[in-house]
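Visitor: Here it is: the structure, laid out below.
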């Protein structure tokens, strides 16, 4: 079940997937229950030869129960989902670990500008490195991402790492991830941002430690 989800290569991806599964099972059960009730009523109260329609006197309590009881069930299920999702939310947004690598991602119509601070660890200096639509990170290391936008709202999306965060003009929004498997993973924009939205795509390259150090040496030979 849920095999249609992309492969999870994130330390917190399992927590996100468990919430998705919970929502999927609850909504599926509620959907089939609702259809079952409709079908039952269609059979029980269908038009039959020789049976006359009868007048049913209104009962406000019974009518209210048909609304309030399902609403209460939905509320309980919603609170259950919220309760189960609280820990995952805290892990992604609240308990952010110290970063082994910092990267600044600036969205614009219609590409990603990826900025590395260089050996001095500071943005806005001469050794900064800017790439277009490609990010390189080491495996099993915490990557802190600062998201910015030059024009409209975009959404930074790493499906395999279960990270999705809007980039909003005028704001700097922090995010993080820790990839657990080397590979090349899609990095699309998940917010409709204009006529070129469908082509706004990049790639995350997760390298083994030695391969990442080789990449660093190629771009900062003196580091």
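Visitor: Given axes a ≥ b ≥ c from the Cα gyration tensor, I'd like to know whether region 173-223 is rounded (a/c under 1.5), prolate (a/b larger than b/c) or oblate. Kindly include the intermediate steps, with their values, before the conclusion.
Guide: Details: a/c = 2.45, a/b = 2.01, b/c = 1.22.
Here region 173-223 falls in the prolate category.
Visitor: Name the residue, out of 155, 198, 28, whose mean-square fluctuation peaks in a Gaussian network model built on the chain with Cα pairs under 10 Å.
Guide: Looking only at 155, 198, 28, the biggest GNM fluctuation is shown by 28.
Visitor: On a C-alpha basis, how far is the centre of region 103-158 from the centre of region 43-65 in Å? Whole number, if you could?
Guide: 64
Visitor: What ranking, highest mean first, results for peptides 37-47, 203-213, 91-101, 106-116 when packing means the other Cβ atoms within 10 Å averaged over each residue? Walk me through the numbers on the way to the answer.
Guide: Values: 37-47: 8.8, 203-213: 16.2, 91-101: 12.7, 106-116: 19.3.
The densest-packed peptide leads the list: 106-116, 203-213, 91-101, 37-47.
Visitor: Taking the Cα-to-Cβ direction at residue 132 and at residue 201 and moving 7 Å from each Cα, how far apart do the two end points lie in nm?
Guide: Placing both labels 7 Å beyond Cα along the Cβ direction yields 1.7 nm.
Visitor: Report the percentage of all Cα-Cα pairs in the chain whose separation exceeds 23 Å, rounded to a whole percent. Write down the numbers at each step before the final one.
Guide: Values: 15051 of 24753 pairs.
Here the tail beyond 23 Å accounts for 61 percent of pairs.
Visitor: Another question, if that's okay. Efficiency by 1/(1 + (r/R0)^6): what FRET value for residue 184 and residue 123, r their Cβ-Cβ distance, R0 = 35 Å, to the nearest 0.05? Please report the intermediate quantities before stating the final value.
Guide: On the way: r = 26 Å, r/R0 = 0.73.
Taking R0 as 35 Å, the efficiency between residue 184 and residue 123 is 0.85.
Visitor: For the chain, what is the mean residue ellipticity at 222 nm derived from helices alone (per DSSP H run of n ≥ 4: -39500 (n - 2.57); sum divided by total residues; nearest 500 deg cm²/dmol)?
Guide: Values: 3 runs with 73 residues, N = 223.
Taken over the chain, the calculation gives -11500 deg cm²/dmol.
Visitor: Separate question: Please report 137, 152 as a ranked list, fewest other C-beta atoms within 10 angstrom at the top and most at the bottom.
Guide: Details: 137 22, 152 16.
Ordered by Cβ neighbours within 10 Å, fewest first: 152, 137.
Visitor: If you don't mind, there's one more thing I want to ask. Antiparallel as a % of all DSSP beta bridges within the chain, to the nearest 5? Write down the numbers at each step before the final one.
Guide: Details: 28 of 40 bridges.
Roughly 70 percent of the beta bridges in the chain run antiparallel, per DSSP.
Visitor: How much length, in nm to one decimal, is gained on full extension between residue 72 and residue 29, taken as 0.36 nm per residue of separation minus their Cα-Cα distance? Show your work: numbers first, answer last.
Guide: Details: separation 43, 0.36 × 43 = 15.48 nm, distance 1.61 nm.
Gain on extension, residue 72 to residue 29, equals 13.9 nm.
Visitor: If I take R0 = 22 Å and measure r between the Cβ atoms of residue 21 and residue 173 in this structure, what FRET efficiency does the formula 1/(1 + (r/R0)^6) give, to the nearest 0.05? Intermediate values should be presented prior to the final figure.
Guide: Details: r = 27 Å, r/R0 = 1.24.
That pair, residue 21 with residue 173, gives E of 0.20.
Visitor: Counting other beta carbons within 10 Å of each residue's own, what order do 54, 146 fall into, fewest first? Mind showing how you got there, number by number?
Guide: Numbers: 54 5, 146 16.
Ranked by crowding around the Cβ, least crowded first: 54, 146.
Visitor: May I pose another question? Which distance in nm do the two modelled labels at residue 220 and residue 41 give, with both placed 7 Å along the Cα-to-Cβ direction?
Guide: Placing both labels 7 Å beyond Cα along the Cβ direction yields 6.6 nm.
Every number here is computed from the coordinates shown, using simple stated rules; none is lab data. Note that this is a predicted model, so its numbers are computed, not measured. Note that each Cβ is placed from the backbone with ideal geometry, even for glycine, and that neighbours are counted across all protein chains shown.
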